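Engineer: First the structure, which I've put down as structure tokens, then a few questions once you've had a look.
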Amino acid sequence: MIPYSRQSIDQSDIDAVVETLKGDFLTGGQKVSDFEKALARYLGVKHVCVMNSATSALHVAYQIIGLQKDDEVITTPLTFAATSNTAIQCGAKPIFCDIRFDGNIDERKIEALITPRTKVISPVDFGGNPLNITAIQALCNKHKLFLIEDASHALGSQNDGIKVGNIADMTIFSFHAIKPITTFEGGAIATNNDTFYEQAKLLRSHGIVKKELWNSDMVMLGENYRLSDVACALGLSQLKRLDSFIDKRNKIAHYYDERFVNNPFFTTIPIPKNKKSTYHLYPILLDRSLWCSKEEIFKALHAKGLGVQVHYKPVYQFSYYKKLLGDIRLPNTEDFYKAELSIPCHQGMNMDDAIFVADTLLGTLSSLKGCKL
Ligand SMILES: *Cc1c(COP(=O)(O)O)cnc(C)c1O
């Protein structure tokens, strides 16, 4: 089975982990700040604070802006649940905004959702395709809102040559196993704001500051969201390989783009010329006539060794969210969910694999019974 995405671990990664595993500090040592500095340099931002997951990083970011009961967070329903779960954990209410047909939040629909209770906008760079972040930033400035960007898919994505992570108040990255790079589990906040950075470090580690000798003080209620030195050693090694991962994914994606042009079964999502995507996902959008056969297509592709996946079931369709917010239906999000399949695209594939994926996909769709195309 060729999965839709997969980590790549080579000998340099293994050596880095083993060396740190044999060292004096498994956690709380130098590798943590080394990894943070390397990430900050890579992104071109002032500060990075790493944590044990992107979920933790989101939770901390919401705490830093003082998100609380009765506040509203405008976000996308086409994401992993953690983007809005962590806001709910702070007592806030998620307000879901419909998407564009590229999977990103429709920034033209945000302003109508802003109320006196709105505190923050939290969009996601879907699949690594960079958001129109300057338009969203302008809205935030106009209405005095915070901008927390969930860039869990987008470490290394660029807008006009600038890496994702430079515009929002805080940008969140994930190092879960199949995200652009991995630290097993892990995440980070990138920010140019000194105060946000200092608070992130405090909240990551119980809100405790060291004073003199044995004396310490606890100045705020924090968590243990720290990332270990062993994980950071892997992160440092993976970060050196990131650009080669992104190049590989782009090569496969460009092959798919050309191969799938004008096919009768589905469309793809072109990345605008001024943007660069990590291609964490390569989504295809099935023609409306095939939506009712999606289960059959999914099963047939899995049977042939294509580990396709669907991203995402809209968050508001989860039973927990229905209980919380009632029935919500956003038309583009509904259609996108019916149409979307993520096909294999990752650095562990070679071009023969990509050709196999394309052949198998097109072959399966053409042989579909009851397909009236
Ligand atoms: C993976 C993911 C998360 C959560 O990341 P973890 O590191 O697993 O906590 C949050 N948001 C999005 C969009 C994701 O894809």
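Readers should treat all values here as calculations from the given coordinates under stated rules, not as data from a laboratory. Note that the structure is predicted; figures quoted are calculated from it, not measured. Counting neighbours? That spans all protein chains shown, and the Cβs are built from the backbone with ideal geometry, glycine included.
Engineer: Hey, which of these cross-link pairs are over 31 Å Cα-Cα: Lys163/Lys210; Lys142/Lys273; Lys163/Lys294; Lys142/Lys275; Lys142/Lys163; Lys273/Lys338? Before the final figure, lay out the partial values.
Structural biologist: Values: Lys163/Lys210 34 Å; Lys142/Lys273 28 Å; Lys163/Lys294 35 Å; Lys142/Lys275 25 Å; Lys142/Lys163 24 Å; Lys273/Lys338 27 Å.
Exceeds cut-off: Lys163/Lys210; Lys163/Lys294.
Engineer: Could you identify which residue out of Phe318, Phe101, Phe245 has the top mean-square fluctuation in a GNM of the chain using Cα springs shorter than 10 Å?
Structural biologist: Most flexible of the set in this elastic network: Phe318.
Engineer: What order do you get for 39-50, 70-81, 119-130, 217-228 when each peptide is scored by the mean count of other beta carbon atoms within 10 Å, highest first? All intermediate terms of the calculation are to be shown ahead of the outcome.
Structural biologist: Details: 39-50: 20.2, 70-81: 22.2, 119-130: 26.2, 217-228: 15.6.
Order by mean packing, descending: 119-130, 70-81, 39-50, 217-228.
Engineer: Sticking with this structure for a sec: Could you tell me the calculated FRET efficiency between Asp257 and Ser205, based on Cβ-Cβ distance and R0 = 45 angstrom, to the nearest 0.05?
Structural biologist: Details: r = 45 Å, r/R0 = 0.99.
Once rounded, the FRET efficiency stands at 0.50.
Engineer: Write down Rg/Rh for the chain, rounded to two decimals, with Rg from the C-alpha atoms and Rh from the Kirkwood relation over Cα pairs. Display every interim value, and only then the final one.
Structural biologist: Numbers: Rg = 21.1 Å, Rh = 21.5 Å.
With Rg and the Kirkwood Rh in hand, the quotient comes to 0.98.
Engineer: Rg to Rh ratio, segment 6-140, alpha-carbon atoms and Kirkwood radius? Provide the component values of the computation, followed by the final result.
Structural biologist: Details: Rg = 18.2 Å, Rh = 17.3 Å.
Here the Rg-to-Rh quotient is 1.05.
Engineer: Okay, moving on. Along Cα→Cβ, 7 Å out, is where each label goes; now give me the distance between the ones at Lys323 and Thr27 in nm to one decimal.
Structural biologist: For Lys323 paired with Thr27, the spin-label model returns 3.1 nm.
Engineer: Separate question: Pop out the Kirkwood hydrodynamic radius of segment 206-284 from its pairwise C-alpha distances, inverse of mean 1/r, in Å to one decimal. Present the calculation step by step, with values, prior to reporting the outcome.
Structural biologist: On the way: mean 1/r = 0.0585 Å⁻¹.
17.1 Å is the Kirkwood radius here.
Engineer: Rounded, prolate or oblate: pick one for segment 183-232, where a ≥ b ≥ c are the square roots of the eigenvalues of its C-alpha gyration tensor, a/c under 1.5 means rounded, and failing that, prolate if a/b is larger than b/c, else oblate. Before the final figure, lay out the partial values.
Structural biologist: Details: a/c = 2.20, a/b = 1.37, b/c = 1.61.
Oblate shape, in that a/c is at least 1.5 and b/c is the bigger or equal ratio.
Engineer: Continuing with the same structure: For the peptides 320-330, 194-204, what is the packing order when you average, over each peptide's residues, the other Cβ atoms within 10 Å and list the highest mean first? List each step's numbers first, then the result.
Structural biologist: Numbers: 320-330: 13.1, 194-204: 18.7.
Descending mean neighbour count gives 194-204, 320-330.
Engineer: Could you tell me, in Å, what Rg and Dmax come out for the Cα atoms of segment 230-349?
Structural biologist: Looking at segment 230-349, its Cα Rg and Dmax stand at 17.3, 50 Å.
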